[in-house]
Amino acid sequence: MLTVKKEPDGRSCFSLDGRDDTRALGENIAAVLRPGMTLLMKGELGAGKTTLVRELCRALGWKRTCSPSFALVNEYARARISVAHADLYRLEHVDGRDLGFDEYLDDGWVLIVEWPERLARDDFEDVWHCEMSAAGEKRRFRVAAAGETARNALAQLEKACS
């Protein structure tokens with residue numbers, strides 16, 4: 001069962017007990033996303049980052065998504081909100097401006113970045129700093145928000161999952 005609690009450091013922690021919870025969290029995130037937001041997704045290989053993004057995109061109207069590991073950035077436009085999904089796993093160090101991150105945000109897209117620790121800078125205005133971890137079928141999605149829009153969206157997500 002999908003549950004949420006506040007951690008002592010102020011982050012919100014969502015506990016997921018399987019694929020149905022991951023789907024529900026993706027749907028709830030899709031409902032609260034706002035144009036111009038960035039989600040920085042940290043976590044080990046297999047933690048569920050790409051699966052959560054797939055469920056989020058499905059909730060926005062995309063039937064088929066795939067990991068951008070080889071393309072670096074996949075675009076999902078013409079949905080309720082356009083999404084640019086980047087996977088920086090294969091890179092050691094990159095400036096997001098070289099991949100067009102600023103343009104996506106300026107144009108009202110949501111930017112989702114897996115492996116954001118490889119970014120030269122991560123000073124986005126409205127951002128969720130997310131971390132996923134896994135233990136068997138159970139997952140944890142921890143998030144802290146910066147920027148008014150991102151904080152409001154996180155508060156809406158907490159309410160929807162309570």
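None of the figures in this text is laboratory data; all of them are computed from the coordinates on show. Just so you know, these numbers come straight off a predicted model, no measurement behind them. All Cβ positions, glycine included, derive from the backbone under ideal geometry; neighbour counts span all protein chains shown.
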Problem - Relative contact order %, segment 3-161, counting alpha carbon pairs below 8 Å whose residues are six or more apart - result: 32
Exercise for the section: May I ask which residue of Leu105, Pro35, Ser15 lies farthest towards the positive end of the charge dipole of the chain, with charges of +1 (Lys, Arg) and -1 (Asp, Glu) on Cβ and the Cα centre as origin? Expected result: Ser15
Handout entry: Three-way shape label, segment 1-49, alpha-carbon gyration tensor, a/c 1.5
Key = rounded
Practice task
Report, by chain and number, residues whose modeled amide H sits under 5 Å from the one on Arg34, excluding near sequence neighbours (fewer than 5 apart, same chain).
Solution key: none
Practice task
Note down the nm distance, to one decimal, between modelled labels 7 Å out along Cα→Cβ at Asp102 and at Arg121.
Solution key: 0.7
Practice task
Calculate for the chain the 222 nm mean residue ellipticity that helices alone would give, adding -39,500 (n - 2.57) per DSSP H run of length 4 or more and normalising by residue count, nearest 500 deg cm²/dmol.
Solution key: -8500 deg cm²/dmol
Exercise for the section: Amide H neighbours of Val83 under 5 Å, at least 5 residues apart or on other chains, H built in the peptide plane: list them. Expected result: Tyr76, Ala77, Val110
Handout entry: For segment 70-162: relative contact order, % (alpha-carbon pairs under 8 angstrom, 6 or more apart)
Key = 20
Exercise for the section: Might you report the magnitude of the Cβ-based charge dipole of the chain about its Cα centre, with Lys and Arg at +1 and Asp and Glu at -1, to the nearest 20 debye? Expected result: 720
Completion exercise
Ordering 18-29, 147-158 by per-residue average of other C-beta atoms within 10 angstrom, highest first, gives 18-29, 147-158
Handout entry: Peptides 127-136, 2-11 ordered by average Cβ neighbours within 10 Å, highest first
Key = 127-136, 2-11
Exercise for the section: Any chance you could count the Lys pairs in segment 3-161 whose alpha carbons are under 19 Å apart, treating pairs 8 or more apart or on different chains as valid? Expected result: 8
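For segment 77-124, calculate the relative contact order in percent as a whole number, restricting contacts to Cα pairs under 8 Å that are 6 or more residues apart.
Computed value for segment 77-124: 50 percent relative contact order.
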Fill in the blank from the handout: Which of [x] 48, 34, 32; [y] 39, 33, 32; [z] 62, 34, 22 is the computed Cα extents along the principal axes in Å? It is [y]
